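Q: Below: one structure in structure tokens.
No lab work stands behind these numbers, since they all come straight from the coordinates. Everything numeric in this text was worked out from a predicted model, so none of it was measured. Using ideal geometry, Cβ is built from the backbone for each residue, glycine included, and neighbour counts are taken over all protein chains shown.
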Amino acid sequence: IATATLGTTLAPWGLAFIQSYAVDKRLTRDDLKLLRVDVWTGSLLTGVIGFFVIVTCAATLNRQGIFNITDASQAAAALKPLAGTLAKELFAIGLIGAALLAASILPLSTAYSVSDLTGRPAALDDGIREAPLFYGTFAAITVIAAGLILLPGARLVTILLWTQVLNAVLLLPLLCYMLGIARDKRLMGEYRAGSRMQAVYLLIIGMVSVCIASMIWFTFH
């Protein structure tokens, strides 16, 4: 669970998306301050919302002895003390909102990455004929993901958990690669990461490494 939490919070696709949309929006060095505000605000809100999700579940589900959530209806029960009979409806609205956000952002980050890797056009201003690989990847990822969750009897919570674990595993080499870029004075120039920021990088890499190593240890022992 700890590894999955790291994977969903420091998601590799999120790091790729931030870089790619900055390019897509044609941001320059002059926009760097506002971009930092954007990223810091999003990161802070993600942490705050996640914290209160945990508190809410602990005060409701855990208190009632529900420790293993296998479907969305059980999670919706966490809102019952607050919303009463409207708990499921309230949870459904939130779930649909999150799903629409994920359905647009996650395939988009993959489409950006595939296009960047192949050197093909990748901009939302481009038409389908101008960027066929970009839009084709976006459509393919959306269809595959939708097909996966619509499989009869699919254990969606289990799928959700292990995809976030995979995120954490993929995050480790990506963070090491990013640290190498951040330390490269020739590449970064005046924006090279200082000793303090490098220490933060190393701390996060160490934390992710401990989680992954512990998960592997306890899985096989």
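Q: Just to be sure I understand: if I project the alpha-carbon convex hull of segment 164-221 onto a plane and average over all orientations, what area do I get in nm²?
A: Convex hull of Cα atoms, orientation-averaged projection: 4.3 nm².
Q: Among the aspartates and glutamates, which fall within straight-line cross-link reach of Lys25, defined as a Cα-Cα distance under 14 Å, with same-chain neighbours fewer than 8 residues apart omitted?
A: Excluding near neighbours in sequence, the set is Asp38, Asp125, Asp126.
Q: Quick check: Cα centre of segment 177-221 to Cα centre of segment 89-114, how many Å?
A: Here the answer is 28 Å between Cα centres.
Q: OK, next. Mind jotting down the distance between the C-alpha centroids of segment 35-68 and segment 18-33, whole Å?
A: What the calculation gives is 28 Å, centre to centre.
Q: Taking every pair of Cα atoms in segment 132-205, average 1/r, invert it to obtain the Kirkwood radius, and report Rg/Rh to two decimals.
A: Here Rg/Rh amounts to 1.19.
Q: Please report, largest first and rounded to whole Å, the three semi-axes of the ellipsoid equivalent to the chain, where each semi-axis is the square root of five times an eigenvalue of the C-alpha gyration tensor.
A: 33, 24, 18
Q: Separate question: For segment 1-114, what value does the Rg/Rh ratio take when both radii are computed over Cα atoms and Rh is the Kirkwood radius, given to two decimals?
A: Computed over Cα atoms, the ratio is 1.06.
Q: Trypsin sites (Lys or Arg not before Pro) within segment 121-221: which are DSSP loop residues with at most 16 other Cβ atoms inside 10 Å?
A: Answer in residue order: Arg129, Arg155, Arg192.
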